[in-house]
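Just so you know, all these numbers are worked out from the coordinates, no wet-lab data involved. Everything numeric in this text was worked out from a predicted model, so none of it was measured. In this analysis, Cβ positions are derived from the backbone assuming ideal geometry, glycine residues included, and neighbour counts consider all displayed protein chains.
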């Protein structure tokens, strides 16, 4: 029986691509650099802010100094505009409520920086009892390294066999496999079904309520 569900954030619980794209484009525009479409940003995200910035910058500018400078500007702008275009995916609030009614514990494991992760969860899901909300933190490797999942299991007292991991990308499916937990790939996020299949998703769902049948 599933006793813990760990969710990815961006592309799984929340459609954040609008604010991510607008914020990154704003920082690029200040520097007179080329901007990108929402569709391009869907493939830039998923591996943390540093990789997002690297992918958005022209290749010749991807130096440690420039990437760090743009990252700082991005974080400042994004935190100030984090909820202007972001929305929960249809059916997600109802899914979280159903999990709570079943006394299933809920956690978040995101590659978004910690302050942004906490702000979004507090803004969009104030009534949900998340046991753990983890984003990118110093000293903790990013997904697909399974360290964050192991930390959540330890804090919640749950085992890998009692845990379901839900995400929208290959990185998420690889994280679940590395942690030894069951995985659910969702098709409403930033990546396509083919990526989920190629990354070994346990099952793939098209609607949040279908996750209940995987418990």
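Quick check: residue separation of residue 155 and residue 60 times 0.36 nm, minus the Cα distance between them. What number comes out in nm?
Fully extending the segment from residue 155 to residue 60 adds 29.9 nm.
If R₀ is 30 angstrom, what is the calculated FRET efficiency for the pair residue 98 and residue 38, using the beta carbon separation as r and rounding to 0.05?
E(calc), rounded to 0.05, equals 0.50.
For helix 170-179, what angle does its Cα long axis make with the longest principal axis of the chain, in degrees from 0 to 90 and rounded to 10?
In the chain, helix 170-179 runs at an angle near 50 degrees to the longest axis.
Ranking 163, 86, 175 by Cβ neighbours within 10 Å, fewest first, what do you get?
86, 163, 175
Taking the alpha-carbon centroid of each part, what is the distance from the range 56-90 to the range 110-184 in angstrom?
Taking the Cα centre of the range 110-184 as reference, the centre of the range 56-90 is 21 Å away.
When the chain is treated as a GNM, springs tying every alpha-carbon pair under 10 Å, which of 136, 35, 101 comes out with the largest mean-square fluctuation?
Between 136, 35, 101, it is 101 that shows the largest mean-square fluctuation.
Using alpha carbons only, how many degrees (0 to 90, rounded to 10) separate the axis of helix 147-156 from the longest principal axis of the chain?
Orientation of helix 147-156: about 40 degrees from the principal axis.
Measure nothing but the geometry: give the 0 to 90° angle between the long axis through the Cα atoms of 17-30 and the longest principal axis through the Cα atoms of the chain, rounded to 10°.
20 degrees
Take the Cβ-Cβ distance between residue 207 and residue 76 as r, set R0 to 30 Å, and report the resulting FRET efficiency rounded to the nearest 0.05.
The value I calculate is 0.25.
Taking the number of other C-beta atoms within 10 Å as the exposure measure, put 77, 41 in order starting with the fewest.
Placing the least packed residue first, the sequence is 77, 41.
Per-residue ellipticity at 222 nm for the chain, helices alone: DSSP H runs ≥ 4 residues times -39500 (n - 2.57), over residue total, nearest 500 deg cm²/dmol?
After summing the helix terms and dividing by the residues of the chain, the value is -13000 deg cm²/dmol.
I need 89, 165 ordered by Cβ neighbour count within 10 Å, fewest first.
89, 165
Can you classify the range 135-187 as rounded, prolate or oblate using the Cα gyration tensor, where a ≥ b ≥ c are the square roots of its eigenvalues, rounded means a/c under 1.5, and otherwise it's prolate if a/b beats b/c and oblate if not?
It is oblate, given that a/c is not under 1.5 and a/b is not larger than b/c.
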